[in-house]
Amino acid sequence: MRTPIEANKLSIGYHDHLLFEDLNLSIPRGEISVFVGSNGCGKSTLLRSMARLLKPADGSVLLEGKDITRLSSREVAKKLGILPQSPISPEGLTVQDLVKQGRYPHQSWLKRWTEEDTEKVEEAMKATRVFELRDKPVDELSGGQRQRAWIAMTLAQDTEIILLDEPTTYLDMTHQIEILDLLFELNEKQNRTIIMVLHDINLASRYGHNIIAIKDGAVFNQGTPESIINCELVRSVFGMECQVATDPIFGTPHCIPYGKGRCILPTMNEAKKSV
Ligand SMILES: Nc1ncnc2c1ncn2[C@@H]1O[C@H](COP(=O)(O)OP(=O)(O)O)[C@@H](O)[C@H]1O
Ligand SMILES: [Mg+2]
């Protein structure tokens, strides 16, 4: 089976400034891949280039083996859905109308709106808990509600590949876990390939099968959280000292930063001093 998305000698950036040069990257099918890296390292740029929202300066992005720039918008939108970082919706647009837009790639002059479209829209709104808010304008919602409405639109698109840029932004802890659980379930039960950017390395570690750590315009390391997340990676990629413990519930690597803060363990105070 073909790799769903691949970067092939990809060079990408803005104007004449390249952020990535000659980048090769392969996303595994049926897994949750998570980009991590410090602010401004190019995670969003890379994700957007994978959805054809940004044109490569050189090289290519292959969607199931085909150069993505040679595919039509509809062909791309049938295969992958993307939730960009900080999306903006037209003033006054209701939640339901936003979510309905996710069905656009499934429509044509031969195939108008069907019962299936209505079902997918309702399903997506219920899964993200915005069904009760469906008649409200998106611009009148709280940041978290708005984020969930956008996620609903991406889910309504019903694609095998789903890209999300920091989907947990603005969400409180409960809703963060709820959305990530939902994505996890979509992956487990329906084998969707999920590619997302998460700024929280601990959530990345808990939900991701495949972590892609970005630094200085290159993939610093890629692999399972267990095999790549350690103090050296966090120091190199985030410039932060930490201890990597084992998550007591999931057994995944859990990063505990040093730095300041109330410390009630005398032994910990000693450990912090020695860093
Ligand atoms: N539209 C743009 N035009 C010019 N530079 C941009 C644009 N978008 C992002 N950049 C720059 O590209 C770099 C990477 O940005 P981005 O991909 O958003 O990083 P990340 O998502 O990792 O925080 C940053 O230095 C940013 O300022
Ligand atoms: Mg970003």
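Assess whether Arg148 counts as being away from ligand 2 (no atom under 16 Å from the Cβ), crowded, with 18+ Cβ neighbours inside 10 Å, outside any strand (DSSP E or B) and without any contact (Cβ under 8 Å) to a residue 60 or more places away in the chain. Considered against the rule, which asks whether it is away from ligand 2 (no atom under 16 Å from the Cβ), crowded, with 18+ Cβ neighbours inside 10 Å, outside any strand (DSSP E or B) and without any contact (Cβ under 8 Å) to a residue 60 or more places away in the chain, Arg148 comes out as yes.
Can you work out which of the residues in the stretch 184-228 that are assigned to a helix (DSSP H, G or I) and of a type in the set (Lys, Arg) is farthest from Ile151 (Cα to Cα)?
Looking at the filtered set, the residue picked out is Arg206.
Across the stretch 39-52, the qualifying residues are those that are within 15 Å of the chain's Cα centre (by Cα) and more than 6 Å from ligand 1 (Cβ to nearest atom), and the one among them that is most open to solvent (accessible area, probe 1.4 Å) is Arg48.
Being open to solvent by less than 60 Å² (accessible area, probe 1.4 Å), within 16 Å of ligand 2 (Cβ to nearest atom) and assigned to a loop (DSSP other than H, G, I, E, B), is that true of even one residue in the stretch 81-98? Checked against the condition, which is being open to solvent by less than 60 Å² (accessible area, probe 1.4 Å), within 16 Å of ligand 2 (Cβ to nearest atom) and assigned to a loop (DSSP other than H, G, I, E, B), the stretch 81-98 yields at least one hit. Going by the conditions given, is Ser38 of a type in the set (Ser, Thr, Tyr) and touching a Phe, Trp or Tyr at 6+ places or on another chain (Cβ under 7 Å)? So Ser38 passes the test. All told, Lys9 meets the bar of being assigned to a strand (DSSP E or B), away from ligand 1 (no atom under 14 Å from the Cβ) and of a type outside the set (S, T, N, Q). The residues listed here are Asn221, Asn191; of these, the one that is closer than 18 Å to Ser26 by Cα, out of contact with any strand residue (DSSP E or B) (no Cβ under 8 Å at 6 or more places or on another chain) and open to solvent by 40 Å² or more (accessible area, probe 1.4 Å) is Asn191. Scanning the stretch 125-143 for residues that are assigned to a helix (DSSP H, G or I) and crowded, with 17+ Cβ neighbours inside 10 Å yields Met125, Ala127, Phe131, Leu133, Val138.
Restricting attention to the stretch 53-64 and to residues that are away from ligand 2 (no atom under 16 Å from the Cβ) and over 14 Å from Lys9 (Cα atoms), the residue that is farthest from the chain's Cα centre (by Cα) turns out to be Glu64. Among the residues of the stretch 201-216, the ones that are within 14 Å of ligand 1 (Cβ to nearest atom) and surrounded by fewer than 18 Cβ atoms within 10 Å (Cβ to Cβ) come to 1 in all. Pairs are defined by a Cβ separation below 7 Å, a sequence spacing of at least 6 or placement on different chains, a first member in the stretch 23-51 that is assigned to a loop (DSSP other than H, G, I, E, B), and a second member that is within 9 Å of ligand 2 (Cβ to nearest atom); the pairs so defined are Gly37/Lys43.
Scanning the stretch 1-38 for residues being of a type in the set (Lys, Arg) and either on the phi > 0 side of the Ramachandran plot or exposed (fewer than 15 other Cβ atoms within 10 Å of the Cβ) (or both) gives a total of 2.
Report yes if Thr246 is more than 23 Å from Glu6 (Cβ to Cβ), open to solvent by 20 Å² or more (accessible area, probe 1.4 Å) and of a type in the set (Ser, Thr, Tyr), otherwise no. The answer is yes for Thr246.
Could you please find all residues in the stretch 158-177 being open to solvent by 50 Å² or more (accessible area, probe 1.4 Å) and either touching a residue at least 24 places away in the same chain (Cβ under 8 Å) or touching a helix residue (DSSP H, G or I) at 6+ places or on another chain (Cβ under 7 Å) (or both)?
The first filter runs over the stretch 158-177 and keeps only residues open to solvent by 50 Å² or more (accessible area, probe 1.4 Å), leaving 160, 170, 172-174.
Hits for the stretch 158-177 are Glu160, Tyr170, Asp172.
Look at (1) within 14 Å of ligand 1 (Cβ to nearest atom); (2) assigned to a loop (DSSP other than H, G, I, E, B) and you find that Arg2 fails only one, number (1). Scanning the stretch 259-273 turns up no residue that is buried (at least 17 other Cβ atoms within 10 Å of the Cβ) and touching a residue at least 24 places away in the same chain (Cβ under 8 Å).
The values are calculated or read from the model by the stated rules, or taken from the named source; none is laboratory data. As the structure is a computational prediction, the values presented were derived from the model and not from experiment. Counting neighbours? That spans all protein chains shown, and the Cβs are built from the backbone with ideal geometry, glycine included. These area figures cover heavy atoms from the full protein model, side chains too; ligands, DNA and RNA do not enter into them. Shrake-Rupley method; radii C 1.70, N 1.55, O 1.52, S 1.80 Å.
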